[in-house]
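Q: First the structure, which I've put down as structure tokens, then a few questions once you've had a look.
The values are calculated or read from the model by the stated rules, or taken from the named source; none is laboratory data. Since we're looking at a predicted model, the values are computed, not measured. Here Cβ is always computed from backbone atoms with ideal geometry, including for glycine, and neighbour counts include all displayed protein chains. Quick note on the areas: whole protein, heavy atoms, side chains included, nothing else; ligands and nucleic acids left out. Shrake-Rupley method; radii C 1.70, N 1.55, O 1.52, S 1.80 Å.
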Amino acid sequence: MYNNYGNSPGMQMPPIGQMPPAAGQMPSTNPQPGQFGNPFYGASSGLIKTGLGAYGEKFLGSSSEFMQSNINRYFSNPQYYFHVNDQYVRNKLKVILFPFLHRGHWTRISEPVGGRLSYKPPIYDINAPDLYIPFMAFGSFIILAGFTLGFMGKFTPEAINLQFSRGLIGWALQIVILKGLLYSMGGGEVPLLDLVAYGGYLFAGLSLAVVSRLLWAYSYFVMMPWMSLCMGVFLVRTMKRVLFTEMRSSERHSTRQHYFLLFLAIAQFPLFFWLGNIGA
């Protein structure tokens, strides 16, 4: 009934490796080698994590500062250009359409913001660029072009689309001319939205010329050259102010600068006549 070499019925042997120690023997207390047995493991892993965290924060911080500086450098804050009121719009239109009557200075008003020098928004500075007038003037020009096409009997959706495309192309050409002038003269980096604003002011003069054409057809040949001249004077004085803030006094009266500014003024005439030739 019993087997001397086997187990007793109803009894189970413990698994191999968990046999109780024999009489007179102490249980083994040698720990297995691993992370808990290495006294330098916790310190080294902590140092590695701390070093990687500091490097990551430094890298992300420098990248964020680089991106922010470039955004401010080229695009600035879009909300800045729409901080206007009725008084600013009236005074700005007077400066754009009649620059000869502007007796004040052409420099912008600066103020310290966050430890760096910044410019006051348009509502506080008549010489600050804005995007409200360019966009409103561009929309008005397209609407007036539609009225002109209607009076000429040439109003079609395709004609309006063509005039809209020509307006955008003319705006882009004006920006390219201004950017090329600043680059050739070694001027500082002007925010892109500043150039978009300066380039879009031409539609204020164009709209006035188109209105005069609707009232009297022959007035077009008087208003268009006058508006071209006024826009040329406005841009020349504005670009001189931008250049003077970036150039040394010894470079401010160079002959090269005068030639480039003269080219900027002359370029307004063909650009105005091309955009104002509605229905051609």
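Q: Using only protein heavy atoms and a 1.4 Å probe, report how much of His258 is accessible, in Å² to the nearest 10.
A: For His258, the solvent-accessible surface is approximately 100 Å².
Q: Between Tyr124 and Trp106, with labels modelled 7 Å along Cα→Cβ, what's the label distance in nm to one decimal, could you check?
A: With each label placed 7 Å out from Cα toward Cβ, I get 2.4 nm.
Q: With the contact rule set at Cα under 8 Å and sequence spacing of 6 or more, what percent relative contact order holds for segment 131-276? Mind dumping the intermediate values first?
A: Details: 125 pairs, mean separation 45.2, N = 146.
Relative contact order here is 31 percent.
Q: Take Lys179 and Leu117, extend 7 Å from each Cα along the Cα→Cβ direction, and tell me the distance between the two endpoints in nm.
A: If labels sit at Lys179 and Leu117, their model points lie 2.6 nm apart.
Q: Where nothing but the Cβ of Lys and Arg (+1) and of Asp and Glu (-1) is charged, how large is the charge dipole of segment 131-276 around its Cα centre, in debye to the nearest 20? Walk me through the numbers on the way to the answer.
A: On the way: 10 positive and 5 negative charges, 55 e Å.
With Lys and Arg at +1 and Asp and Glu at -1, about 260 debye.
Q: Related question: With every protein chain kept in place and ligands, DNA and RNA left out, what is the accessible area per residue of segment 96-161? Probe 1.4 Å, answer in Å². Working shown, then result.
A: On the way: 3850 Å² over 66 residues.
Per-residue accessible area for segment 96-161 comes out at 58 Å².
Q: Right, another one. Regarding segment 131-276, what are the three Cα extents along the principal axes, ordered largest first, in Å?
A: Largest first, segment 131-276 extends 57, 28, 20 Å along its Cα principal axes.
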